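The values are calculated or read from the model by the stated rules, or taken from the named source; none is laboratory data. Please read these numbers as outputs of a predicted model, since none were measured by experiment. Reconstructed Cβ throughout: ideal geometry from the backbone, glycine too, with neighbour counts over all protein chains shown. What goes into the accessible areas is simple: the full protein's heavy atoms, side chains included, and nothing from ligands, DNA or RNA. Shrake-Rupley method; radii C 1.70, N 1.55, O 1.52, S 1.80 Å.
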2 protein chains.
Amino acid sequence: MIEQAIYHKPESEYGYAVDGRTFCLRIRTAREDRPKITVIYGGKYDFWETQFRKEMTLSYCDRLYNYYTVELRPEDIRLVYVFEIQQGEEVVYFSEDGLSDTYDFTLNFYNAFQIAYINDSDLHKSVHWMQDACFYQIFVDRFFQGDHTKDSSYINLPWGQRPNPKSFAGGDLQGIRKKLPYLQELGINALYLTPIFKSISNHKYDIQDYFTVDAMFGSNEDFAALVEAAHARNIRVVIDAVFNHVSDQCSQFQDVLMKGKKSRYFDWFIIHGDEVDQQKINYECFSACNYMPKWNTSNPEVQDFLIRIAVYWIQEYHIDGWRLDVSDEVSHFFWRKFRQAVKAANPECAIIGENWHNANAYLQGDQYDSIMNYAFTKACLDFFAFNALDASGFADKLNELLMRNTDTVNNMMLNLLDSHDTHRFFTQVGENKDKLESALAVLYLFVGAPCIYYGTEIALPGSYDPDCRRTMDWEQAEAQGSTWKLIQKLTERKKNEPALHSHQVKIYAEGNTFCLERGDICLRIDGSTYTHTIERLR
Amino acid sequence: MIEQAIYHKPESEYGYAVDGRTFCLRIRTAREDRPKITVIYGGKYDFWETQFRKEMTLSYCDRLYNYYTVELRPEDIRLVYVFEIQQGEEVVYFSEDGLSDTYDFTLNFYNAFQIAYINDSDLHKSVHWMQDACFYQIFVDRFFQGDHTKDSSYINLPWGQRPNPKSFAGGDLQGIRKKLPYLQELGINALYLTPIFKSISNHKYDIQDYFTVDAMFGSNEDFAALVEAAHARNIRVVIDAVFNHVSDQCSQFQDVLMKGKKSRYFDWFIIHGDEVDQQKINYECFSACNYMPKWNTSNPEVQDFLIRIAVYWIQEYHIDGWRLDVSDEVSHFFWRKFRQAVKAANPECAIIGENWHNANAYLQGDQYDSIMNYAFTKACLDFFAFNALDASGFADKLNELLMRNTDTVNNMMLNLLDSHDTHRFFTQVGENKDKLESALAVLYLFVGAPCIYYGTEIALPGSYDPDCRRTMDWEQAEAQGSTWKLIQKLTERKKNEPALHSHQVKIYAEGNTFCLERGDICLRIDGSTYTHTIERLR
C-alpha cells in the first residue's frame, strides 16, 4: 500500500456536514490500492466505549488516487471517527496520528478525527433553483437590440460585422426581454448577464454608477421589466458584481483626483503616496489598467457601499444571483460580509465567483456558493481540442475536479465551455460539430449547472476577445439546427431527470470510450471520433 | 518518485501571505525522494511572458514526507506559480493539473497555482507579545489564598489534602497577585487563568454571570488590581471564555425554565420541543451535563451578548487574551464575529482555542490565533511516557505538527505538557525527573509559546481530574529545586534569545538522540536515558 497517498481532513471537502444531521466523509488511497475501508465512528464523549462501523464505497478514481465515500447520520452530531483499512490480511488504522497497526480508543480525544458539532450558521445551504438550472450567458451589447427609440448615436458596429475592442452594436435589455420566448423554447431557465450598469465601455466592467442601468442598455425600469418577464417564464436572472475595481470616472475616484489626501474617499482606494498619478499608476488597479482603480475592500466604508449595492438589486429588482468579477482578488473578509447580507436579503440568491483556479478557500460555505468552473473548461479543451487527454484521462480529470470541493458546491458549480473571456469552444475544436455537441452532452450531464455562452446553440465561432463577442445571428438561431436541437433535448433532461439533480455520478473509461452515468442515463463518447450516444441503462 | 506524495495547495498552510508583501510556500514529496525543487513564479497578468525562479529548501521531514519551503517577495502581489521538480535527469512540472513533462505558460491562467492578491483584512497578524511569552496556567481555587477576610465558609478542603470533584480549597485572585513576585522570579510573563466568573463549582466552567468575578475568588476590583499588578511586572493575563455553554442557573435559562416557549430567551438555547425537560435533557448541552445548556451561537442575539462580554473584559479590565473553552463545538461564524470585535478592541489580544484535534479550519487568520497544542502534548507522551515513538519518531512527529499550520500560527501555539484536563505529565512519565525536565526543554525550545501548569516547577504529581488539581505546595516552591531552576533558565532563554522568537527550527534524530536546533542553540535528548543537554553550536 502506498502510505503517502492516504489522505483525509475533517472540516474540508473530505469531511463535512450536508445538513443538520448528515455527514459526508471521503478518504483517498493510491489508485493501485483497493483496500476495504470502514469508518469507525461515535460521539465525542463516549467514543472510547461505544463505536459504530460503516463500510465505505469506492466512488471516484483519478490518475493517481481512489476516493472512498460514506454518508453518516449518527445520533450524536459531535462526530468522532477513525478509519480501518484492510488490504488482504493486513489491517491498519488511520487517525490524525497517521497509520498505525493498533488504535487505542481510550486515547481518542487526542488523535481521532472529529467534526465537533454541526452549527446551523456554518452549514453550506444549497440554492435550490440551481439544481436544475440551465444557464445562458449574454454579452448584452451583442445579443439583440429591442429598443429602437433610444439614442442610437453610440452604435458603431453594423449587426453581423466583426467587432473590435471599441465596437458598440446596440444590444439592450429590451432585446433580451423580447427574446425570452426564444430562450424558453431552447430550455433556458437562468440568464447570466455581463454588467449592465452605467459605463462608457461596451463590456461595462468599468462601472461609473452601480445604481443605474446604462442608457445604452435601457433604464432601471427596463431591467425591472426584464426580471419580471423572465420570472413569469420561470427564468432566473444573475447579474455581474464588479466589486474588485471601478471606473476612474466614478464620483469617488474623481473626488480623490481633485482633492488628493483631503478627499473623504482617499482610503476607498489603495494609493501609494499622497496624490494619484495616473501616468505612473501609483495605485492598485485591475491588471495594469489605470482607468480601473481597485476598491480598498479592507475599508469598512467601501464594504458597506458595495454591499448596499448588492442588497439593493436583490430587494428592489429581485435578481436571483450575483456573479462576482475578479472575485479572487477581493478579500475573503469582504465576501463573508457580502454573503451574510445577500443571504439575509434572499437565501436563494446564488453567489458565483469568477475564480479560474481552485477556489476551495472561497467555497467553505461562508463566501461563495460556487464558481465559474474554468477547470472544467480546461478539462474539456484538453480532451476535445488539445489532445492532452484521452478518454481515460478525461474521466480521471473530471473525477479529480469533483474531489476538489464538497458535493454541495459541486451541485452548484457553473460549468461552462467558454465565455466572453475565452476563445469560443467551437473555434477551439476546429469548428468540429461532433466535438462541440459531445462536449455539450458532458456539460449538461456533469454535476452542476450548465452554462452556455450566447450563440453556442448556433455554433457561433470566435477566437479571443473581441472576436468571441460577435453579434448574435438570429437567422441561424431561428433555423434551429442540430446543435440547437441537441441543447433543447439536454435542457429538457437536465430539468426533468431527478438523477441530474443529485451529486451522484459515475465517470470512467472503457477502452477508448468515455462514459458518464447518472442514475440510469449513460453518456458515451468515442475517443477517436468524438461522437456521442446517450442511452438508458437496462 | 512517488507521485502520490506530492502536495501543494495555495491559500492554506502550504501557501500564504506572511505580511503585505511576503509569501511563504511549501511543497511536499515522499521522504525517500529528494529532488531539487524550484518555484517558477510571476504576476497574474504577465506570467505567460515573464517568469522568475527560486530554489526551495528541504526544511522539514516526517515519517512519510519531505517538506520544501521558500519565501518570496515579488513586485506584483498577485502571485502565480508552478513548481519545477528535478530528480536526476528527469524534470517535471507541478501545477493545479498535477505533474506534467512540459508546462505551457501561455495557458497558465487555467492551471497555475495562484494567491490572487494580499488583502490586508485577510492577513493573519501576529500577537507580538506571544513571541516571547512563557505561560503559567493557574487553576484558581488551588493556587494560593490571598484574602483571609472573605467569607470562607465554602472552603471544605484543607490545603495540602487531595481534592475530590466537590472540593473548595480557597485559592483566589488576591492570592495570585501576592504570588506575582514568585512567578516573575520563575520567569513567567503570561498567566492563563481557568474561569473566574460567578459559578457554584470549583472549576467555574458553568458560569452564571459573565460580568461578575465569583465571590470565592474575590471581586471585580480584585481582578482589576491583579491585572494592573501583573502588567506592572510585564506579565500578561489571559482568561477563560466559556462561550459554548452556560450554567442552568443563569438568568436566561431560568427564564426559559419558567416561561417555556414564551421566554424571550427560548431561542438562546437549542431546545427540541416547546418546554425544557431537564430529566430527559431535550436540549443541547455540554457533553451530557444537563446543568450546562449549550448556547445557540447561531442566534445573533446570543452572538452579541457573548461578544459584549468579550469586549467588556478587554476594555474595562485590560486582559491580554481569551482562551476559548470547548471552542471546537462553537460555530466558525461566531468565532469570526468574535475575532473582529476582539481585535477591534485590542489587536494584541490573543485568541487561543481549546481544540484538541487538528484545528486548521479555525486557524486561517479569521478565527483564532492559536490553540492549546494537545497534539504536541500527545507527541511528548508518545516519546517520554508511552514508548510509542523513539527519538526519530518524535522528531518526525514534531515536524509533522509544524506542517499542519502556517508559521504565523505555529509561532503563537500554546504548547503544553499537561493541564487541568489531563493527568499531570510528571505522573504520566512515572515521576521520572529526567523525563519531565527533558520534556520541559523541548517545550521551551519548540516553536510557539510554552505553557506550564501550576506546580510543574515543583514536579507536582497528579492523575486525572480531580487529582491533577491538587493544592500548590508553597514550601516546595520556595525551595527552588532542580526542575524549578531549569524552568527559570528556560524562561530566561525563551525571553532573550531572538532565535526562539522566529519560526525557524531544525528537528531531527542522530541515531537514538533527538536533536532540536534554533539558531545556534542545540537541544539533544538521549533516547535511552531521556537526559538532555543544551549547547551552543560552534
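State yes or no: is B:TYR368 within 11 Å of chain A (Cβ to nearest Cβ), closer than 13 Å to B:VAL409 by Cβ and buried (at least 22 other Cβ atoms within 10 Å of the Cβ)? No; evaluated as a whole, the condition is false for this residue. For first residues located in the stretch A:337-349 and over 15 Å from A:GLN364 (Cα atoms), partners that are surrounded by 15 or more Cβ atoms within 10 Å (Cβ to Cβ) and modelled with pLDDT under 95 and lie 6+ apart or on another chain with Cβ distances below 7 Å do not occur. The helices (runs of 4 or more DSSP H) found wholly in the stretch B:417-491 and carrying at least 2 residues that are among the small types (Gly, Ala, Ser) and under 27 Å from B:GLU535 (Cα atoms) occupy B:433-445.
So which of A:ALA344, A:ALA385 is of a type in the set (Gly, Ala, Ser) and either more than 29 Å from A:TRP295 (Cβ to Cβ) or within 19 Å of the chain's Cα centre (by Cα) (or both)? Write out each step before concluding.
Details: A:ALA344 fails: either more than 29 Å from A:TRP295 (Cβ to Cβ) or within 19 Å of the chain's Cα centre (by Cα) (or both).
So the residue among A:ALA344, A:ALA385 that is of a type in the set (Gly, Ala, Ser) and either more than 29 Å from A:TRP295 (Cβ to Cβ) or within 19 Å of the chain's Cα centre (by Cα) (or both) is A:ALA385.
For the stretch A:167-200, a residue qualifies if it is among the polar types (S, T, N, Q), part of a loop (DSSP other than H, G, I, E, B) and out of contact with any strand residue (DSSP E or B) (no Cβ under 9 Å at 6 or more places or on another chain), and exactly one does: A:SER167.
Search the stretch B:168-180 for residues being in contact (Cβ under 8 Å) with a residue 40 or more places away in the chain and surrounded by fewer than 20 Cβ atoms within 10 Å (Cβ to Cβ), and hand back the single one that is farthest from B:ILE487 (Cα to Cα). So the residue we want is B:PHE168.
So that you can scan it fast, the table gives a plain yes or no per residue for (1) in contact with a Leu (Cβ under 7 Å, 6 or more places away or on another chain); (2) within 10 Å of chain A (Cβ to nearest Cβ); (3) acidic (Asp, Glu):
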position: B:THR38; (1), (2), (3): no, no, no
position: B:LYS44; (1), (2), (3): no, yes, no
position: B:TRP48; (1), (2), (3): no, no, no
position: B:ASP101; (1), (2), (3): no, no, yes
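Taken together, the residues in the stretch B:64-84 that are touching a Ser or Thr at 6+ places or on another chain (Cβ under 6 Å) and of a type in the set (A, V, I, L, M) amount to 1.
Of the numbered criteria (1) open to solvent by 10 Å² or more (accessible area, probe 1.4 Å); (2) at pLDDT 95 or above, the one B:GLY273 fails is (2).
Here's the yes/no breakdown for (1) in contact with a Phe, Trp or Tyr (Cβ under 8 Å, 6 or more places away or on another chain); (2) surrounded by fewer than 16 Cβ atoms within 10 Å (Cβ to Cβ); (3) under 28 Å from B:TYR60 (Cα atoms):
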{"position": "B:GLY455", "(1), (2), (3)": "no, no, no"}
{"position": "B:ASP467", "(1), (2), (3)": "no, yes, no"}
{"position": "B:ASP473", "(1), (2), (3)": "no, yes, no"}
{"position": "B:TRP484", "(1), (2), (3)": "no, no, no"}
{"position": "B:ARG493", "(1), (2), (3)": "yes, no, yes"}
{"position": "B:SER502", "(1), (2), (3)": "no, yes, yes"}
{"position": "B:VAL505", "(1), (2), (3)": "yes, no, yes"}
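Table: residues versus (1) modelled with pLDDT of 95 or more; (2) within 19 Å of A:ALA385 (Cβ to Cβ); (3) aromatic (Phe, Trp, Tyr).
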residue: A:TYR454; (1), (2), (3): yes, no, yes
residue: A:ASP465; (1), (2), (3): yes, yes, no
residue: A:ASP473; (1), (2), (3): yes, no, no
residue: A:ALA477; (1), (2), (3): yes, no, no
residue: A:GLN480; (1), (2), (3): yes, no, no
residue: A:TRP484; (1), (2), (3): yes, no, yes
residue: A:GLU492; (1), (2), (3): yes, no, no
residue: A:ALA499; (1), (2), (3): yes, no, no
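Filtering the stretch B:223-241 to residues that are part of a strand (DSSP E or B) and touching a helix residue (DSSP H, G or I) at 6+ places or on another chain (Cβ under 8 Å) leaves B:ARG236, B:VAL237, B:ILE239, B:ALA241.
Here is a yes/no grid of residues against (1) over 26 Å from B:MET372 (Cβ atoms); (2) under 24 Å from the mean Cα position of the chain (by Cα):
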| site | (1), (2) |
| --- | --- |
| B:GLY448 | no, yes |
| B:TYR454 | no, yes |
| B:THR471 | no, no |
| B:SER502 | no, yes |
| B:ILE525 | no, no |
| B:THR533 | yes, no |
| B:LEU537 | yes, no |
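Among the residues of the stretch A:220-261, none is identified as under 25 Å from the mean Cα position of the chain (by Cα) and among the hydroxyl-bearing types (Ser, Thr, Tyr). Scanning the stretch A:381-404 for residues that are more than 11 Å from chain B (Cβ to nearest Cβ), open to solvent by less than 10 Å² (accessible area, probe 1.4 Å) and either of a type outside the set (A, V, I, L, M, F, W, C) or within 19 Å of A:GLN428 (Cα to Cα) (or both) returns A:PHE383, A:PHE384, A:ALA391, A:PHE394, A:ASN399. Residues in the stretch A:2-26 that are over 24 Å from the mean Cα position of the chain (by Cα), within 11 Å of chain B (Cβ to nearest Cβ) and more than 23 Å from B:ILE27 (Cβ to Cβ): A:GLY20 alone. The set of residues in the stretch A:334-348 that are surrounded by fewer than 24 Cβ atoms within 10 Å (Cβ to Cβ) and either farther than 16 Å from B:PHE333 by Cβ or at the interface with chain B (Cβ under 8 Å from one of its Cβ atoms) (or both) comprises A:ARG336, A:ALA345, A:ASN346, A:GLU348. Checking each residue in the stretch B:1-27 for being of a type in the set (Lys, Arg) and crowded, with 20+ Cβ neighbours inside 10 Å picks out only B:ARG26. In the stretch A:218-231 there is no residue that is within 30 Å of A:GLU275 (Cα to Cα), in contact (Cβ under 8 Å) with a residue 12 or more places away in the chain and among the small types (Gly, Ala, Ser). Picking from residues in the stretch B:311-333 that are under 20 Å from B:ASP206 (Cα atoms) and within 13 Å of chain A (Cβ to nearest Cβ), the one that is nearest to the chain's Cα centre (by Cα) is B:LEU324.
Evaluating A:ASN373 against the criteria (1) surrounded by fewer than 24 Cβ atoms within 10 Å (Cβ to Cβ); (2) farther than 29 Å from B:ASN299 by Cβ leaves one unmet condition, (1).
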